[in-house]
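*Asks:* This is the structure, below, for whatever I ask next.
The values are calculated or read from the model by the stated rules, or taken from the named source; none is laboratory data. Because the structure is predicted, anything quoted here is derived from the model rather than measured. Counting neighbours? That spans all protein chains shown, and the Cβs are built from the backbone with ideal geometry, glycine included.
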Amino acid sequence: MSRTRLLLPVAGLVLAAALVSPGCTRAPSGEGPITIGFLVKQPEELWFQNEWKFAQRCANEYGFELIKIGTPDGEKLLNAIDVLAASGAQGFVVCTPDVKLGPAVMAKARSHAMKVFTVDDQFVGSDGAFMDVPYMGLSAKAIGRKVGRALYDEFVRRGWPIEETAACAVTFDELNTVKERTDGSTEALVEAGFPAGRIFRGAEKTTDVPGAFDAANIVLTQHPDVKRWLVFSVNDEGVLGAVRAMEGRGFDAETIIGIGIGAGTGLKEFDKQQPTGYFASCMISPLRHGYETTEHLYKWIKDGVEPPGDVRTDGVIATRANYRQVLVDLGLEDTARE
Amino acid sequence: MAAPTQRAHPLHHLLDNAGMLLVFIALFVGVSVFVPNFFTWVNMKGLALSVSMVGMVACTMLFCLASGHFDLSVESVVAFSGVLAAVVTNQTGSVALGIAAGVAAGGVVGVLNGVVVAKFHINALITTLAAMQIVRGLGFIVSGGSAVSVSNTAFFVLGNASPLGVPAPVWITVVCFLAFGIVLRASAFGRHTLAVGGNEQAAWLAGVPVDRIKIAIFTAQGLMAGFAGVVLASRMTSGQPNTSVGFALDVIAACVLGGVSLSGGVGTMTGAVVGVLIMGTVQNAMNLMNVPTFYQYVARGLILLGAVLFDQLRQRRRR
């Protein structure tokens, strides 16, 4: 029995090889059609599903093949690169499950002569420095600055007296990427001319509506003299929580300008009959992260056009008046409503 | 190990004993014909590499299952050992010390699992579930919460060398399959393992040192998972504390697919190899065919369910 068992796999494989080898050994690369991989760390996240959707849109427009694989850890990522190589892919866009996989991923890609474009998370080398691989990611600072600038513009447009006005920043400084958002907003407000001393910070314990509600209530209690509020935070929830807290104390759309950050959570406010203090949202979208990264890589492979080394994206300010158009522009019209 | 039936017709005999193997061969030929790029040298290498981790740990998981237990902690041991090897290599500058530390750490976890299961008679599910969480935590603690890059390039040889054009982890896996296959078939330890899994009382009465066997099995499992973790860290050039979540179930599923009984007493190394290869081939083919990720989850589950049902049918026919 044991001999049969040991012999069988060998015999089977030889048989299989003999049967199929003439027909199916296609040369994987060369002058053939272009194939590009798109590997993401969390395929169950809407953000990455949208990246895939936009990458596929690019593939359809240019007419190349796109292979999408979810790679939640380092082993699966390395295996996926082998699969891409076998499929004849000449390169891939990757959002790595860990930035320190950079050297291993690049070594593997080089061994298959594949080009790499990183998205969302930037590779870190063994020396701790960012690696010199094309990258596109969100700029938390730029997003924050955009919010700050928009707040100031609206503050000026409404002609509010500065002595009655203050800004409430609902912050979460434990997480550096979101801290950069509120820091950016603060920076832009001050640069535009808003007095730094009139920006009051409330630290939230959790980055959700209740967390922001509590944080804002403390700020409101500390500053009962303020008649009009600008509100910004790390996300849509932070601003929504603060706006709800202010509404509880008699403020409304006339006396609050709140601008959030997000991919659609705040938009429900715009569907309400009456405007609320939630004035706008800085919408972030994976459109460029999915479409443009793939497009850059395609042109790099096809025509040898070197992609830009480091692209930072920011958001688009969506207000009650224009948000439907913004959603369409960002390709989010069917996904932003949860 | 399934005893061959004397009376059976040769063809029945073959079907009974090589069922999953035939399935695998049919599968392999099928995807070779129908999936473009599958049967190419590049892909065969990639496929072999992708099953190497599951393959290594399946060798010892087979013993664990055959003795009627299982070990969920392997996935955390893989992560922890990889991280520890990276940290020790960085601090001492010695790759050998790093590898030794990683493997030894796995061994320690294995011994503790074995002692708790054998001496304190705690269910292996609970024991190794607890160990899984403890060791995952240790991995994060030792790494300081994020991946540890290794700067000494000698560390990368284990996972990235390619003797005779075949990646080192594949060679290691093949050696493990052969070595543990021989141990299972031809050594007292292997026979005792199956005896304990088949009927622990009877084995004990027959003089099998049941507790020692169990501790040895878990220790071997820990050492192997530790070693696999070091190989993985070498491949990734860094120790990743969050790697391989769900890996233990992949290994167990592969073994079960290869006809290893979850209730113990039955299991062959050929079966485990076939199980590992079927899982790997299906995954590889689905990726080559660009099957959407969510459908892949469904397909993998259905295949596992189909395999155990098929196995059940086979066993019933044999009786």
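*Asks:* Do any strands (runs of 3 or more DSSP E) entirely within the stretch A:82-182 hold 2 or more residues that are touching a strand residue (DSSP E or B) at 6+ places or on another chain (Cβ under 6 Å) and within 26 Å of A:Leu240 (Cα to Cα), and if so, which?
*Replies:* Strands (runs of 3 or more DSSP E) meeting the threshold: A:165-171.
*Asks:* Right, next: Just one of the numbered conditions (1) under 22 Å from the mean Cα position of the chain (by Cα); (2) in contact (Cβ under 8 Å) with a residue 60 or more places away in the chain; (3) farther than 19 Å from A:Glu45 by Cα is not true of A:Ala318; which one?
*Replies:* (2)
*Asks:* Related question: Just name the residue that is surrounded by the fewest Cβ atoms within 10 Å (Cβ to Cβ) out of those in the stretch A:52-70 that are within 13 Å of chain B (Cβ to nearest Cβ) and part of a helix (DSSP H, G or I).
*Replies:* Once the filter is applied, the top-ranked residue is A:Gln56.
*Asks:* Determine whether B:Gly68 is of a type in the set (Gly, Ala, Ser), surrounded by fewer than 24 Cβ atoms within 10 Å (Cβ to Cβ) and in contact (Cβ under 8 Å) with a residue 24 or more places away in the chain.
*Replies:* Criteria met by B:Gly68.
*Asks:* Which of the residues that make up the stretch B:146-184 are exposed (fewer than 15 other Cβ atoms within 10 Å of the Cβ), within 12 Å of chain A (Cβ to nearest Cβ) and farther than 25 Å from A:Ala107 by Cβ?
*Replies:* Within the stretch B:146-184, B:Leu178, B:Ile182 qualify.
*Asks:* Among helices (runs of 4 or more DSSP H) lying entirely in the stretch B:174-271, which contain 1 or more residues that are at pLDDT 90 or above and under 28 Å from B:Val87 (Cα atoms)?
*Replies:* On the way: elements: B:188-198, B:200-205, B:210-236, B:247-257.
Because the criterion is at least 1 residues that are at pLDDT 90 or above and under 28 Å from B:Val87 (Cα atoms), the helices (runs of 4 or more DSSP H) in the stretch B:174-271 that meet it are B:210-236, B:247-257.
Conditions (1) modelled with pLDDT of 90 or more; (2) within 18 Å of the chain's Cα centre (by Cα); (3) of a type outside the set (Val, Ile, Thr), marked per residue:
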{"position": "B:Ala18", "(1), (2), (3)": "no, no, yes"}
{"position": "B:Asn43", "(1), (2), (3)": "yes, no, yes"}
{"position": "B:Met53", "(1), (2), (3)": "yes, yes, yes"}
{"position": "B:Ala66", "(1), (2), (3)": "yes, yes, yes"}
{"position": "B:Ala79", "(1), (2), (3)": "yes, yes, yes"}
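*Asks:* Just checking, how many residues over the stretch B:29-41 are at pLDDT 90 or above and either touching a Leu at 6+ places or on another chain (Cβ under 7 Å) or not aromatic (Phe, Trp, Tyr) (or both)?
*Replies:* Final tally of qualifying residues: 8.
*Asks:* Looking at the stretch A:288-298, is at least one residue within 27 Å of the chain's Cα centre (by Cα) and either farther than 30 Å from A:Leu39 by Cα or not in a helix (DSSP H, G or I) (or both)?
*Replies:* No: zero hits.
*Asks:* Here are B:Asn284, B:Asn290: which of them is under 30 Å from A:Val40 (Cα atoms), free of Cβ contacts under 8 Å to residues at least 12 places away in the same chain and among the polar types (S, T, N, Q)?
*Replies:* B:Asn290 is the lone residue from the list that is under 30 Å from A:Val40 (Cα atoms), free of Cβ contacts under 8 Å to residues at least 12 places away in the same chain and among the polar types (S, T, N, Q).
*Asks:* Shifting gears a bit: Say whether the condition of being at positive phi, of a type in the set (A, V, I, L, M) and without any contact (Cβ under 8 Å) to a residue 60 or more places away in the chain is met by at least one residue in the stretch B:109-126.
*Replies:* no
*Asks:* What number of residues in the stretch A:283-298 are hydroxyl-bearing (Ser, Thr, Tyr) and in contact with a Leu (Cβ under 9 Å, 6 or more places away or on another chain)?
*Replies:* We begin by selecting, within the stretch A:283-298, every residue hydroxyl-bearing (Ser, Thr, Tyr); these are A:285, A:291, A:293-294, A:298.
Filter once more, keeping what is in contact with a Leu (Cβ under 9 Å, 6 or more places away or on another chain): A:285, A:294.
Residues that pass the stated criteria total 2.
*Asks:* OK, next. Within the stretch B:262-294, take every residue that is among the hydroxyl-bearing types (Ser, Thr, Tyr) and closer than 24 Å to B:Ser52 by Cα and give me the one that is farthest from the chain's Cα centre (by Cα). Working first, answer last.
*Replies:* Step one: list which residues in the stretch B:262-294 are among the hydroxyl-bearing types (Ser, Thr, Tyr), which gives B:263, B:268, B:270, B:281, B:293.
Adding the requirement that they be closer than 24 Å to B:Ser52 by Cα leaves B:268, B:270, B:281, B:293.
Working: B:Thr268: 13, B:Thr270: 13, B:Thr281: 16, B:Thr293: 23 Å.
The qualifying residue farthest from the chain's Cα centre (by Cα) is B:Thr293.
*Asks:* Quick one: how many residues across the stretch B:141-155 are in contact (Cβ under 8 Å) with a residue 60 or more places away in the chain, β-branched (Val, Ile, Thr) and assigned to a helix (DSSP H, G or I)?
*Replies:* Here is the first cut: in the stretch B:141-155, the residues in contact (Cβ under 8 Å) with a residue 60 or more places away in the chain are B:142-143, B:145-152, B:155.
If we keep only those that are β-branched (Val, Ile, Thr) as well, we get B:142, B:148, B:150.
Still in the list and also assigned to a helix (DSSP H, G or I): B:142.
So the answer is 1.
*Asks:* Just to be sure I understand, how many residues within the stretch A:88-119 are more than 12 Å from chain B (Cβ to nearest Cβ) and either more than 23 Å from the chain's Cα centre (by Cα) or of a type in the set (Lys, Arg) (or both)?
*Replies:* 3
*Asks:* Tell me which of these B:Leu249 doesn't satisfy, since it passes every other one: (1) under 12 Å from the mean Cα position of the chain (by Cα); (2) under 28 Å from B:Val115 (Cβ atoms); (3) surrounded by 24 or more Cβ atoms within 10 Å (Cβ to Cβ).
*Replies:* For B:Leu249, the exception is condition (3).
*Asks:* Can you name every residue in the stretch B:255-279 that is at the interface with chain A (Cβ under 9 Å from one of its Cβ atoms) and more than 17 Å from B:Thr193 (Cα to Cα)?
*Replies:* The answer is B:Val273, B:Val274, B:Leu277.
*Asks:* Do we find that B:Ala220 is surrounded by fewer than 24 Cβ atoms within 10 Å (Cβ to Cβ), without any contact (Cβ under 8 Å) to a residue 60 or more places away in the chain and among the hydrophobic types (A, V, I, L, M, F, W, C) in this structure?
*Replies:* Against the criterion (surrounded by fewer than 24 Cβ atoms within 10 Å (Cβ to Cβ), without any contact (Cβ under 8 Å) to a residue 60 or more places away in the chain and among the hydrophobic types (A, V, I, L, M, F, W, C)), B:Ala220 does not qualify.
*Asks:* Just to be sure before I move on: is A:Lys272 over 24 Å from A:Gln42 (Cα atoms) and surrounded by 14 or more Cβ atoms within 10 Å (Cβ to Cβ) in the structure I sent?
*Replies:* Considered against the rule, which asks whether it is over 24 Å from A:Gln42 (Cα atoms) and surrounded by 14 or more Cβ atoms within 10 Å (Cβ to Cβ), A:Lys272 comes out as no.
*Asks:* Would you be able to tell me the number of residues in the stretch B:218-249 that are over 25 Å from B:Val196 (Cβ atoms), of a type outside the set (Val, Ile, Thr) and either more than 10 Å from every other protein chain (Cβ to nearest Cβ) or touching a Lys or Arg at 6+ places or on another chain (Cβ under 6 Å) (or both)?
*Replies:* Count: 2.
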